[in-house]
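Here's the structure, in structure tokens; my notes come after.
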Amino acid sequence: MKIPKSPFYPQNFPEMPEIKGVKMAVEKAGIRNSGKNDILVMEFTQDTSVAGVFTTSYAASSNIEHCRKILPFGKARVLIVNSGNANVANGSAGYKAVEEIVNLCTGLFQCKREEVYFSSTGVIGRPLPVDKMKAAVKRAAKELSANSWKGAAISIMTTDTYHKMVTRETDIGGTKITINGICKGSGMIAPNMATMLSYVITDANISTEVLQKILDEYVPISFNSITVEGDTSTSDTLLVFATGYAGNEKVDSFDDPKFSSFKLTLKEMLIEMAHLIVKDGEGASKFITIIAKGTSSVPSAKQLALSVANSPLVKTAIAGGDANWGRIVMALGKAGIKFDKNKIAIKIGNVQVVENGELSVKYNEHLIMEYMKGSNIEIEIDLSQGQSKATVWTCDLTHGFITINSKYLT
């Protein structure tokens, strides 16, 4: 099945600079029928720090269980990623596949098993072709280069219509720092940790503890604030690797003033990567920002915003350019957060739609209908019962989503 390109397909892709301390290669293991590269191998220099967050799904892959178990070790030498097969619901064969690939890597790269990270994404319930994968990993290990970012980003795609790459430069105490990120995701997007598969690599010298603190701080406002259709993946992974090659004085404190520029830059990157995933949502034609404010707490605001973002009725109305604000009120009411319905205010774009719980006297149907034709839609909801707010991002729900997901296996 050929999937049409997203209307948000980037006009230009970034030139990804080299990051010292990491090499990579891609290979074909034949996991997918497309004949595309489906194996990514990254090798990191010794003492590379690593931090991560993973899906909270109780049906998580065998790979996730392995990565969770080794994360406290705090160092990484190898990352293996395969696309086309999620290695989920495979029983003992799933665990055996992880062990075989990890054991292979410990020999190939002369490292500990606690330093080998392994991600899988794709179809659930099919055994991994381990022998083919091992052969592909061996080939890739002989082809490692310092700057194969585009190939790496393409190799981890599944139903994505474009590869997703982000790069930034910043500094720590005057020392130049480079950060590169790649990610994949298009469907099964309602992260409850990070999202899909996302990898960020930097040459900064940062302790594992500080890296983990960064993710704990910024994942809630980036990857955990997006949704496509409300389904949390079994394979969600976000890993950050810091090779230390930039030469800055090691960062051991999250609150170090020299670290402020890096933190802001990485936060912006994570949000941009999250947006790239939503804009490539399966069948998406519109990118939707939902702001909920005037609540007693940030979690309450986020729960309300996500209730709107995940509503099929809201999303289909937006797909059709229909400003059916009653569906927004409905979605707020089912969110499980108590509020005064007579204080609700809703703006769509710059048009005041609802005030004091009813249609605003400022409502302009012509303006709102014109606005709904656009590809970027913003909805602002004010509950008028506090000072907290939250922003989430989603996409509309079109016939394209149904077409893709009704024929995913066939």
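The values are calculated or read from the model by the stated rules, or taken from the named source; none is laboratory data. Everything quoted here is computed from the prediction, not taken from an experiment. Neighbour counts run over all protein chains shown; Cβ positions are idealised from the backbone, glycine included.
Is it the case that segment 303-322 has a residue that's exposed (fewer than 15 other Cβ atoms within 10 Å of the Cβ), modelled with pLDDT under 95 and over 27 Å from the mean Cα position of the chain (by Cα)?
Yes, some residue in segment 303-322 is exposed (fewer than 15 other Cβ atoms within 10 Å of the Cβ), modelled with pLDDT under 95 and over 27 Å from the mean Cα position of the chain (by Cα).
Being closer than 23 Å to VAL228 by Cβ and small (Gly, Ala, Ser) is the filter here, so list the residues in segment 247-299 that pass it.
Those that are closer than 23 Å to VAL228 by Cβ and small (Gly, Ala, Ser): ALA274, GLY281, GLY283, ALA284, SER285, ALA292.
So, ILE182, is that one touching a His at 6+ places or on another chain (Cβ under 9 Å) and either farther than 30 Å from ASN90 by Cα or at pLDDT 95 or above (or both) or not?
When the stated conditions are applied, ILE182 passes them.
Do you know which residues across segment 80-98 are within 10 Å of VAL130 (Cβ to Cβ) and surrounded by fewer than 21 Cβ atoms within 10 Å (Cβ to Cβ)?
Residues satisfying the conditions are ALA93, LYS96.
For segment 344-362, which residues satisfy the criterion of being in a loop (DSSP other than H, G, I, E, B), on the phi < 0 side of the Ramachandran plot and small (Gly, Ala, Ser)?
Matches in segment 344-362: SER360 only.
For segment 371-382, check the following and say yes or no: at least one residue is loosely packed, with under 15 Cβ neighbours inside 10 Å and of a type in the set (A, V, I, L, M, F, W, C).
no
Checking LYS286 against (1) basic (Lys, Arg); (2) over 30 Å from HIS163 (Cβ atoms); (3) touching a helix residue (DSSP H, G or I) at 6+ places or on another chain (Cβ under 8 Å), only one condition comes out false. Which one?
(2)
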